[in-house]
Amino acid sequence: MNVLIVSPFFPFPEDNGSKIRLVSLLKSLKNHDITIIAFKEQNELIKDEEIKNICSEYHIFNRPQISYFKELLNHFSSQPLLISRFFCKEAWEKTKEIVRNKKIDLFIIETLLMVKYAEKVPGTFLILDEHNLEFIRAKSRIVTSKNLLVKIYNYVIMVRLRRFELKAIRKFDCCMVCSDNDKNILVNLLKTDSVIVIPNAVDTDYYFLNRTSINGKKILFIGTLWYEPNRDAVLYFVKEILPLLKSRVPEVEFIVVGPGPTQDVIALSNQSNITVTGYVHDIRPYLSEASVFIVPIRMGSGTRLKILTAMSMGIPVVSTSVGMEGIAATNHKDICIADDPREFCDCIYKLLFDIQFSECIGSGGRALIMSQYSRNAIMERLSGLWDHIKEINCQ
């Protein structure tokens with residue numbers, strides 16, 4: 001098949017969950033002719049060696065810069081700002097040119113951010129890959145907002161986004177989501193059978209750890225830190241949970257790894273026993289030294305690849321219920337789940353000092369990943385989907 005993919009990010013290096021998901025999708029299509037249109041930050045350096053081995057054609061555009069004036073005007077538009085931020089006329093024209101000159105059998109739009117590039121033509125199967133349900137993420141902000149005016153503002157944003165997102169999904173032949181929870185939400189709202197679950201996957205050969213002992217008391221969080229659910233999670237942990245833990249374990253260290261830390265996150269490194277690294281090329285050394293991996297996330301949807309990655313390394317994970325949504329893990333078998341600050345602290349404490357329990361959770365998590373979330377398993381599922389689409393196009 002001739003395949004066209006439009007993505008808001010370049011897939012390499014695989015340094016965040018969205019990129020890892022996209023690479024799994026690309027590799028599952030390796031026997032097809034792939035063209036990708038992707039965006040990058042203005043100052044982002046692109047190394048294209050790996051993409052050349054997968055795609056026959058690729059086009060990279062700088063992410064558009066939107067003025068403050070245009071942001072203000074967007075409040076009077078039916079189109080959410082996050083969609084406007086990714087619209088580039090040159091990329092749109094290149095998309096139309098490829099669709100016009102190539103017989104595209106499969107057209108994949110990566111995330112809601114790219115829906116303006118979707119073009120439905122006869123003989124083309126159109127898929128939206130929803131990494132998150134954006135309106136659910138917006139809804140979470142209402143719950144976590146403490147200021148009444150901010151709550152009202154977030155509610156207005158959520159309503160607009162919900163209307164736009166549901167209308168957009170209806171235009172696609174198929175919508176891929178990360179979890180059963182996201183699927184159930186869409187099926188109930190849209191009354192459709194065109195939503196399918198393709199879980200996130202992890203490279204279990206790359207994320208593998210064989211260690212006999214753990215030294216120190218290091219608590220680790222990994223994530224893109226300008227992303228609001230991750231930023232909120234770090235600030236929430238430091239304010240509500242870490243003081244409880246330090247009163248019991250004074251020597252505990254909290255390591256925050258990931259690109260784009262905001263000023264309030266950077267400022268945390270002024271506190272004793274807190275380290276904010278910023279971007280790192282390889283997260284495995286940090287995972288290998290961690291005693292516990294935490295996911296105190298309170299908003300968003302989809303599934304967190306950070307959890308799958310830590311589990312693949314055999315690191316015990318403590319997460320909120322929201323953080324582990326969409327992952328078929330069992331509390332106190334593969335993961336520890338806690339939504340209350342004191343309960344979250346208790347779980348970390350037990351994992352730090354009960355070695356047998358820690359090893360049990362770590363090995364349980366690794367076994368779960370191997371059976372359900374390995375890249376090979378998910379690629380097989382995707383390959384079956386592509387074969388089905390090929391049959392449809394041949395009819």
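The values are calculated or read from the model by the stated rules, or taken from the named source; none is laboratory data. On a predicted model such as this, the values are computed, not experimentally measured, just so you know. Cβ coordinates were reconstructed from backbone atoms using ideal geometry, including for glycine residues, and neighbour counts include every protein chain displayed.
When K218, K246 are checked against the criterion of being of a type outside the set (A, V, I, L, M, F, W, C), surrounded by 15 or more Cβ atoms within 10 Å (Cβ to Cβ) and in contact with a strand residue (DSSP E or B) (Cβ under 7 Å, 6 or more places away or on another chain), K218 stands alone in meeting it.
Among the residues of the stretch 281-313, how many are in a loop (DSSP other than H, G, I, E, B), out of contact with any Ser or Thr (no Cβ under 9 Å at 6 or more places or on another chain) and touching a residue at least 24 places away in the same chain (Cβ under 8 Å)?
Residues flagged as in a loop (DSSP other than H, G, I, E, B), out of contact with any Ser or Thr (no Cβ under 9 Å at 6 or more places or on another chain) and touching a residue at least 24 places away in the same chain (Cβ under 8 Å) within the stretch 281-313 amount to 2.
On inspection, L190 fails the criterion of being without any contact (Cβ under 8 Å) to a residue 40 or more places away in the chain and assigned by TED's automatic domain parsing to the domain that holds S301.
Under the condition of being of a type in the set (A, V, I, L, M, F, W, C) and over 18 Å from Y373 (Cα atoms), the residues counted in the stretch 296-332 number 4.
Identify, by number, the condition in (1) aliphatic (A, V, I, L, M); (2) in contact (Cβ under 8 Å) with a residue 60 or more places away in the chain; (3) out of contact with any Pro (no Cβ under 9 Å at 6 or more places or on another chain); (4) under 27 Å from H131 (Cβ atoms) that V249 doesn't meet. Here V249 meets the rest and fails (4). For L4, the requirement of being surrounded by fewer than 14 Cβ atoms within 10 Å (Cβ to Cβ) and hydrophobic (A, V, I, L, M, F, W, C) is not met.
Residues in the stretch 331-356 that are free of Cβ contacts under 8 Å to residues at least 24 places away in the same chain, touching a strand residue (DSSP E or B) at 6+ places or on another chain (Cβ under 9 Å) and within 17 Å of G314 (Cα to Cα): 3 in all.
Report yes if some residue within the stretch 304-315 is in contact with a strand residue (DSSP E or B) (Cβ under 6 Å, 6 or more places away or on another chain) and small (G, A, S); otherwise report no. The answer is yes; a qualifying residue exists.
Scanning the stretch 1-24 for residues that are part of a strand (DSSP E or B) and either more than 28 Å from E97 (Cβ to Cβ) or small (G, A, S) (or both) gives a single hit, S7. Residue pairs whose Cβ atoms lie under 6 Å apart, sitting 6 or more positions apart in sequence or on different chains, and linking a residue in the stretch 363-381 that is assigned by TED's automatic domain parsing to the domain that holds K27 and free of Cβ contacts under 8 Å to residues at least 40 places away in the same chain to a partner that is surrounded by fewer than 18 Cβ atoms within 10 Å (Cβ to Cβ) and not in a helix (DSSP H, G or I), do not occur here. Just wondering, is there one or more residues in the stretch 126-139 that are surrounded by fewer than 17 Cβ atoms within 10 Å (Cβ to Cβ) and either free of Cβ contacts under 8 Å to residues at least 12 places away in the same chain or assigned to a loop (DSSP other than H, G, I, E, B) (or both)? Scanning the stretch 126-139, I find no residue that is surrounded by fewer than 17 Cβ atoms within 10 Å (Cβ to Cβ) and either free of Cβ contacts under 8 Å to residues at least 12 places away in the same chain or assigned to a loop (DSSP other than H, G, I, E, B) (or both), so the answer is no. Total residues in the stretch 316-369 satisfying the condition of being farther than 21 Å from I222 by Cα, in contact with a helix residue (DSSP H, G or I) (Cβ under 8 Å, 6 or more places away or on another chain) and at pLDDT below 95: the figure is 0.
Does N376 satisfy the criteria of being touching a strand residue (DSSP E or B) at 6+ places or on another chain (Cβ under 7 Å), under 30 Å from D173 (Cα atoms) and at pLDDT below 95?
no
One line per residue, one yes/no per condition, for (1) part of a helix (DSSP H, G or I); (2) buried (at least 22 other Cβ atoms within 10 Å of the Cβ):
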site	(1), (2)
I315	no, yes
G323	no, yes
G326	no, no
D339	no, no
L368	yes, no
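Filtering the stretch 81-101 to residues that are farther than 21 Å from L25 by Cα and either acidic (D, E) or in contact (Cβ under 8 Å) with a residue 24 or more places away in the chain (or both) leaves L82, I83, R85, F86, F87, C88, E90, A91, W92, E93, K94, E97.
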